[in-house]
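Below is one structure, written out as structure tokens, with a few remarks after it.
Every number in this text was worked out from the coordinates using simple rules, so none of it is lab data. The structure displayed is predicted, hence computed values, not measured ones. Cβ atoms come from the backbone with ideal geometry, glycine included; neighbour counts cover every protein chain shown.
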Amino acid sequence: GIGSGAYGASEGYISILGGQITATGGGNAAGIGGGKGAANTDITINNGEIKATGGGGAAGIGGGMISGATDSKNLKDIVISGGTVIATGGADAAGIGGGMHCNVGKITIKGGTVITATGGINAAGIGGGSDKAGGIITIDGGQITSTGGNGGAGIGGGKGAANTEIIINDGEIE
């Protein structure tokens, strides 16, 4: 995938300005974002054709699997402003957002031709992984299809999660 390796640096920034990108996380790593035990990364996608698939317990775009529910690793911000994005989370992980046991900061979608997010079992399509809320999710535009795994919200939290703040200002959402 693209981002930090297992237990990698706790701070980072990923910016995708365009291109055709296919990224698959190995083991417990996100397709784009954190490796196993690594989550503190800002991710910005401005354009391009992006296909991201998380490994077991990791988001397609976002956080890797965090080892325990009490671990304090947090995902910072994910901003998608355009492009075609397809993101699929591994088991217990969101398509876009948190990996298993990963806290989510902010997810902002400002636009995009087609954004398809699919969460693994117990996880949201866009938002939180298993047992975690989706943080603050703001949708200002775009064509979005988001499907949660069994027990997870399409947009929001994973199974067993606390409340998620969701703000929808514009866009086409399925």
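One table, with the values for the structure above:
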{"quantity": "Normalised per residue, the volume of the convex hull around the Cα set of the chain (Å³)", "calculated": "73 Å³"}
{"quantity": "Relative contact order (%) - the chain, alpha-carbon pairs under 8 angstrom, separation at least six", "calculated": "16 percent"}
{"quantity": "Distant-in-sequence amide H partners of ILE107 (H built 1.01 Å from N, under 5 Å)", "calculated": "ILE78, ILE136, ILE137, THR138"}
{"quantity": "Estimated vicinal HN-Hα couplings, Hz - the range 117-126 in sequence order (Karplus 6.51, -1.76, 1.60; Gly, Pro = x)", "calculated": "10, 10, x, x, 3, 6, 10, 7, x, 10"}
{"quantity": "Cross-link reach list, aspartates and glutamates versus LYS110, counting only Cα pairs under 14 Å and skipping chain neighbours closer than eight places", "calculated": "ASP77, ASP140, ASP170, GLU172"}
{"quantity": "Built amide H within the under 5 Å cut-off of ILE45, gap 5+", "calculated": "ILE16, VAL79, ILE80, SER81"}
{"quantity": "By average C-beta atoms within 10 angstrom, highest first, the peptides 109-119, 129-139, 88-98, 17-27", "calculated": "88-98, 129-139, 109-119, 17-27"}
{"quantity": "Distant-in-sequence amide H partners of GLY27 (H built 1.01 Å from N, under 5 Å)", "calculated": "GLY56"}
{"quantity": "Set of lysines with alpha-carbon distance to LYS132 below 19 Å, sequence-local pairs under 8 removed", "calculated": "LYS36, LYS73, LYS76, LYS106, LYS159"}
{"quantity": "Per residue Cα convex hull volume in Å³ - calculated over the range 111-174", "calculated": "57 Å³"}
